Amino acid sequence: MTHPAPPDHPVAVEAFERTRALLHGDPPKSGYGDGFLAPMGSVVGLRNVVKNPPASEDEVLNTSLLTPNRGHHALFRALEELEGLEKQEAEWQLQNPQTPQLTTIVTGDEYPSPRAAIETLEALCQSVPRRVCQHPFKRNDIVWVCRTCQADETCVLCHSCFKQSNHEGHDVAFYHAQAGGCCDCGDPDAWDPAGFCPHHGPTTAGLGALSSDVVHRVQGVVPAVIDWMVEKVAKVAEEAQDRAMQPAPNVRLQEDASMISMPPLADGPRDLLPNSRRVIAGDVGFDPAAAGSHKAVRSQNSMDSSDENDTKTPQLTRAERLGMLARDGGGLFLVLKADDIHTSHQWVDALRDLLGTSSLYTDSILQKLVKALRQYGQLVVWGTIELLTELNPTQIHLWLDGDRVASGLLGTAMLSRALLLNSHGLFCSIMTLEELQLEQRA
């Protein structure tokens, strides 16, 4: 993604600078207390456990997908809540405090509420015909295909444009949409202009209905928004994918679950890692008695080095850096991406491997999870609460205090889940809560 050319008209330049200042400033606050967080596709809790840590181990176990005999209840509730996500998104647009601020930059007027700003933007849009329809498809919308007019099989029309265009004698069909995609009416690269409706296409009216000041302000706002998305959002997305996809030095997959060693809880040992694949930080040794000190982690290389090097603090492993990032960024979350490559059966196999072989995760529940993934394009499928389930209370407190050994344990737990999904050929990313908020803000 490239940066657009900066505006040169004085009004556009002013709008550009005001928009940049707004977007690069602190995010608006909401009832969440952690910045204004829009609804997002997630089957795990999005709580900031750093600012609001769990009061007890039971609180962690009761909300984690990983907890035997309880996790399926949490997943079922999360899937039910996802069914109302589109309605939540519509409501969120009427609550976002940045909507009136950005609209004021465009129009020069003040607005008492996001709703008033959205109504103004809608009126402006209706006053200027769109050259390309770009109607966004929602679930169950009617989508028309014309093999005579379309440039390829991905090019489609919405029901309104199809009804107002001439396709007599053409090879047409329709289907009901999931979510995603948009109408291509008016785009000559995607559709034969002879099949356009009368409201879209290069011959439609220009911007005469808008004042010159509004046009110039839009020319300043749009490049500023794109700049911000390239500088912030796209960079975060690339880094998050690298965390999950890049091979880690001294980290290997192990088929033997017994290779992961964690100190037992006060009431005895607990195996919270039901799957066969595990990630082991091969150069990391854990000494509970040394937790919180520099000798807690010592690589084999450092033990074999000279006395001078032996006195230096060992370099942080990838898992330790990830665990510390979780503490600084409000927690860690594993985001699974949808694709058109894998079948439903392959998705179910991967999710069962992620969640465990418990019979309580029925095929019906997992199929609903796959359906939600395809509908929303991505889902948060593992979170900080699930990671804390793999630590005992002492390790949780040490992680919150910044201990590198506990951070390494938490980071290793997340890497194991990401690499497990990668072993199925799936795409995922590892994001902090702050990064999720940034993505939703965009």
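May I ask you to verify whether Ile365 is part of a helix (DSSP H, G or I) and under 17 Å from Ser42 (Cα atoms)?
Here the answer is yes, as Ile365 does meet what is asked.
For region 361-416, enumerate the residues that are among the basic types (Lys, Arg) and open to solvent by 30 Å² or more (accessible area, probe 1.4 Å).
Lys368, Lys371, Arg374, listed by residue number.
Evaluate region 40-59: report whether one residue or more is of a type outside the set (D, E, K, R), part of a helix (DSSP H, G or I) and open to solvent by less than 20 Å² (accessible area, probe 1.4 Å).
Among the residues of region 40-59, not one is of a type outside the set (D, E, K, R), part of a helix (DSSP H, G or I) and open to solvent by less than 20 Å² (accessible area, probe 1.4 Å), which makes the answer no.
Cβ contacts < 9 Å: first residue aliphatic (A, V, I, L, M), restricted to region 186-198; second residue surrounded by 15 or more Cβ atoms within 10 Å (Cβ to Cβ), any location; separation 6+ or different chain. Result?
Within 9 Å, the pairs are Ala190/Val132; Ala190/Gln150; Ala190/Cys155; Ala190/Val156; Ala190/Asp184; Ala194/Cys149; Ala194/Ser165.
I need the full set of residues from region 230-244 which are open to solvent by less than 70 Å² (accessible area, probe 1.4 Å), within 16 Å of Met431 (Cβ to Cβ) and not charged (D, E, K, R), in order please.
Answer for region 230-244, where residues must be open to solvent by less than 70 Å² (accessible area, probe 1.4 Å), within 16 Å of Met431 (Cβ to Cβ) and not charged (D, E, K, R): Val233, Ala234, Val236, Ala237, Ala240, Ala244.
If you scan region 421-442, which residues turn out to be modelled with pLDDT of 90 or more and either of a type in the set (Val, Ile, Thr) or over 15 Å from Leu332 (Cβ atoms) (or both)?
Residues satisfying the conditions are Asn422, Ser423, His424, Gly425, Leu426, Phe427, Ile430, Thr432.
Please specify each residue of region 422-437 satisfying the condition of being outside any strand (DSSP E or B) and at negative phi.
Asn422, Ser423, His424, Leu426, Leu433, Glu434, Glu435, Leu436, Gln437
Which one of these is in contact (Cβ under 8 Å) with a residue 12 or more places away in the chain, open to solvent by less than 50 Å² (accessible area, probe 1.4 Å), under 28 Å from Lys371 (Cβ atoms) and under 32 Å from the mean Cα position of the chain (by Cα): Ala173, Ala179?
Answer to the selection: Ala179.
For region 126-159, name all the residues that are buried (at least 17 other Cβ atoms within 10 Å of the Cβ) and among the polar types (S, T, N, Q).
Result: Gln150, single match.
Looking at region 87-111, I want the residues that are more than 22 Å from Glu14 (Cβ to Cβ) and have a partner that is part of a helix (DSSP H, G or I) with Cβ atoms under 6 Å, at least 6 apart or on another chain. Which pairs are those?
Leu94/Pro114; Leu94/Arg115; Asn96/Pro114
Examine region 323-344 for a residue that is surrounded by fewer than 18 Cβ atoms within 10 Å (Cβ to Cβ), under 23 Å from Gly71 (Cα atoms) and not charged (D, E, K, R), and state whether such a residue exists.
Scanning region 323-344 turns up at least one residue that is surrounded by fewer than 18 Cβ atoms within 10 Å (Cβ to Cβ), under 23 Å from Gly71 (Cα atoms) and not charged (D, E, K, R).
Which pairs turn up if I take residues in region 320-342 that are touching a residue at least 12 places away in the same chain (Cβ under 8 Å) and look for partners that are among the aromatic types (Phe, Trp, Tyr) and surrounded by 23 or more Cβ atoms within 10 Å (Cβ to Cβ) with beta carbon separation below 6 Å, at least 6 apart in sequence or on another chain?
Close Cβ pairs (under 6 Å, with a partner that is among the aromatic types (Phe, Trp, Tyr) and surrounded by 23 or more Cβ atoms within 10 Å (Cβ to Cβ)) amount to Leu334/Trp382.
The values are calculated or read from the model by the stated rules, or taken from the named source; none is laboratory data. If you're wondering where the values come from, they're calculated on a predicted model, not measured in any experiment. Note that each Cβ is placed from the backbone with ideal geometry, even for glycine, and that neighbours are counted across all protein chains shown. The area values use the complete protein model at the heavy-atom level, side chains included, leaving out ligands, DNA and RNA. Shrake-Rupley method; radii C 1.70, N 1.55, O 1.52, S 1.80 Å.
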